[in-house]
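Chemist: Supplied in C-alpha cells, the structure appears directly below.
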Amino acid sequence: MKILATFDGTPFSESTLPLLERMAALPDAEFLLLGISHEPPGKLMKGPRRTFIVGETLNAPLPDVIHTSEPRYAELKEQAIERKRSEMEDYLLQLAAKLPPGSTVHVQAHVSEGAAKLIIEHAQEEQTDVIVMATRSRQGISHLLFGSTTEEVVRSGVAPVLVVHPTSKP
C-alpha cells in the first residue's frame, strides 16, 4: 500500500504522525513523505554604509572614508530555494525516523507555491493508494480568499484522502 503523507514544516502538519505510525503495520506499507515549502520572498539588500569626513577647505579634493561597515551578502533566489529544499529534506528525514523501525519510507522535498497541484501530480505518478494530510479547516472569508489545499486534493479524486485535524485524535 502506497501512502503519500504531506508536510509543510510546521508542527501542525505533524499531527498526522500518530496515524502514519499505525498505518505502518499495514501489509506492504510504503510511505512517501512529501514536504512542500513556500518560495522564499525576495528582498533587496542595502549596500554597505559609509561615513565621510568632508575637508574643511574648499580645495579638499575628495572626502576621506573613515568607516565602512562590512558588506551584507544576500542569497540569490536559486540559493534560497535550494536552502529551503535542503532544510525541508532534513526535516522529512527527522520525521521518517519517528516511524516504526523497518518501515519503507521515501522522502521528497519541494519549494513551490502550488502545493495542491504538486500533491496531485505526485499521487498520480506514484499511483498512491491513499493520501494523508492535515487540514487547518479555514472558514469564512479566509477560506474564500485562500481556498484549501486539502479541499483541492480531495476534489481531484486522484486517491482517497485521510484528513486529520490537529485537535482530533487520529
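Chemist: Say each of Ala97 and Val163 gets a label point 7 Å from the Cα, pointing the same way as Cα to Cβ; how far apart are those two points in nm?
Modeler: In this crude label model, Ala97 to Val163 measures out at 3.3 nm.
Chemist: Quick one: which residues, 5+ away or cross-chain, put their amide H under 5 Å from the amide H of Ser37? H built at 1.01 Å from N.
Modeler: Under 5 Å from the amide H of Ser37: His110, Val111, Ser112.
Chemist: Give me log10 I(q)/I(0) at q = 0.19, 0.23 Å⁻¹ for the range 70-128, Debye formula, one equal scatterer per alpha-carbon, no solvent.
Modeler: Cα-only, vacuum Debye calculation for the range 70-128: -0.87, -1.05.
Chemist: Further question: Considering amide H positions built from the backbone, and no H for Pro or chain starts, which residues 5 or more places from Thr104, or on another chain, come under 5 Å of its amide H?
Modeler: Amide H neighbours of Thr104: Phe31.
Chemist: If I take R0 = 41 Å and measure r between the Cβ atoms of Ala25 and Glu113 in this structure, what FRET efficiency does the formula 1/(1 + (r/R0)^6) give, to the nearest 0.05?
Modeler: Taking R0 as 41 Å, the efficiency between Ala25 and Glu113 is 0.70.
Chemist: Each residue of the range 111-123 in order: what ³J(HN,Hα) in whole Hz does its phi give by Karplus 6.51 cos²θ - 1.76 cosθ + 1.60, θ = phi - 60°, with x for Gly and Pro?
Modeler: 10, 7, 8, x, 4, 4, 4, 5, 4, 4, 4, 5, 4
Chemist: A further question follows. Please work out the FRET efficiency for the pair Glu125 and Glu87, using the Cβ-Cβ distance as r and a Förster radius of 25 Å; give the result to the nearest 0.05.
Modeler: Result of the calculation: an efficiency of 0.55.
None of the figures in this text is laboratory data; all of them are computed from the coordinates on show. These figures come from a predicted structure and were not determined experimentally. Here Cβ is always computed from backbone atoms with ideal geometry, including for glycine, and neighbour counts include all displayed protein chains.
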